[in-house]
1. Take the conditions closer than 19 Å to Val113 by Cα, surrounded by fewer than 18 Cβ atoms within 10 Å (Cβ to Cβ) and without any contact (Cβ under 8 Å) to a residue 12 or more places away in the chain and apply them to Pro432. Does it pass?
2. Take the residues in region 247-283 that are outside any helix (DSSP H, G or I) and touching a Lys or Arg at 6+ places or on another chain (Cβ under 9 Å); name whichever of them is nearest to Ala159 (Cα to Cα).
3. Residues that are buried (at least 18 other Cβ atoms within 10 Å of the Cβ), out of contact with any Pro (no Cβ under 8 Å at 6 or more places or on another chain) and modelled with pLDDT of 95 or more: list the helices (runs of 4 or more DSSP H) wholly contained in region 77-150 that include at least 1 such residues.
4. Based on this model, can you work out whether Ile69 counts as of a type in the set (Val, Ile, Thr) and out of contact with any His (no Cβ under 8 Å at 6 or more places or on another chain)?
5. Looking at the structure I just gave you, is Ser390 surrounded by fewer than 18 Cβ atoms within 10 Å (Cβ to Cβ), touching a residue at least 40 places away in the same chain (Cβ under 8 Å) and not aliphatic (A, V, I, L, M)?
6. Listed residues Arg320, Arg300; which is surrounded by 22 or more Cβ atoms within 10 Å (Cβ to Cβ) and basic (Lys, Arg)?
7. Any residue in region 161-173 that's assigned to a strand (DSSP E or B): show its pairings with residues that are crowded, with 23+ Cβ neighbours inside 10 Å and of a type in the set (Lys, Arg) at Cβ separation under 7 Å, as long as the two are six or more apart or on different chains.
8. Considering region 151-170 alone, what residues qualify as being surrounded by fewer than 24 Cβ atoms within 10 Å (Cβ to Cβ) and within 17 Å of Glu353 (Cα to Cα)?
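The values are calculated or read from the model by the stated rules, or taken from the named source; none is laboratory data. Everything numeric here is computed off the predicted structure, so don't read it as measured data. So basically every Cβ, Gly included, is an ideal-geometry build from the backbone, and we count neighbours across all protein chains shown.
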Amino acid sequence: MLTIYGQGNRMCDGMSRRNFIQIGALGMGGLTMPQLLQAEKQSGLGRSDKAIIMIYMPGGPPHQDMYEIKPDAPSEIRGEFQAIKTNVPGIHICEHLPRLAKIMDKLALVRTVVGAENSHSSYQCMTGRISGRRGNPPPGGWPELGSVLSKLKGPTDPAIPPYVNLSHKSRHGEYNFGRPSFLGVAHTPFKPQGDIRNDMTLNGISLERLSDRRQLLQSFDRFRSDVDRTGLMEGLDSFQEQAFDVLTSSRLLKALDVEQESSKLRDRYGRGSPRLERDAAPMHMDQFVVARRLVEAGVRCVTVSFGYWDWHSTNFKNGRYYLPAFDQGVSALVEDLHQRGLDKDVSVIAWGEFGRTPKINKDAGRDHWPRNSCALMAGGGMRAGQAIGSTNRLGEEPKERPVHVQEIFATLYHNLGIDAARTHLTDLNDRPHYLVDGHMPMPELI
């Protein structure tokens, strides 16, 4: 991390600040912006303000207790929750999701997601690939969706990183994401909640002195001489001047400042707490507000980790606690995007790594079930107001329309103007890889 201290808690443009600004030097930040700018120039894909907000639900949410209640199944399958009507005739969802039910015409539910593995990891949700031996990853590992957008599209503005990870660090390491890949550290996300153990101070450089580019460059050069010896970063090139815009502009800081929103809007989202839920993620509604602010500012991909969904015991007690918060935060986000005219440009997806077992166990919980899971999608110009796929009577596996994880990724890329089946990236061994392996965007949504 790169830490730059201001005096009197004010930035060089007069903007007040409670804490010092932290910019991830090895995980995006100003230092690697030149590579991002050059990537856009070389890709020839041009600029676009399309964006994605991905909400990861660590632990695996129960598909049959959220979007496809089974009222006719035996009690050991059916559980305790009732189905309620939505504002789209024929679509029913869980009684603990009443706000989402009222905006079902703005949502698309995928009830039959397949292609998962039995692994408590964010890897598949972030990359569209399975991890471990089955995944056969190339050297360096598969890149996350935000990293791909960073590589192919670059930043919309030199002062705004293309990929931002708002998630707090989970106790279970595999829930965390934002890892390097074969695309290199230049395309890992900017992390406002980054690990301060890696902080670095630019000695002698305060916010008030950032206008002195020459002195700043000398400080960067001293830092680079240490980093380059590790092989983690290439030298700066002719794009270095634009890289400094991240440091000298207040656009990113303003986007991260949730206090600029009205109390009424924040109350609509809910407040929540930054406290971790068990070994997973907080139910912090400010993440959703900031995610919207970031895509408005020009960030291409924002990732959020929300709640705890590994309900091996007390499944229904947990549902009564976690589902209302999810309902409030996600419904507020979708409505906010529509009210601001961003619904055609910003795609939203909320999902976890797998589903839960149809049969309720002896501890009143549901265990891991990779044979079927679910996803909520919205925005991006997609055809909403529908529930895609259905499972068999017991909720074990798809009866109609299985949707592979990579179909969802192909759809998200399509929303961003990228043909995933024809676009490839080159790994560390100079081998090309398509963004998805033979899967097309979902025809129901595009």
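1. no
2. My answer is Asp257.
3. Helices (runs of 4 or more DSSP H) meeting the threshold: 98-102, 123-127.
4. When the stated conditions are applied, Ile69 does not pass them.
5. yes
6. Result of the check over Arg320, Arg300: Arg300.
7. Tyr163/Arg300; Asn165/Lys191
8. Within region 151-170, just Ser170 meets the criteria.
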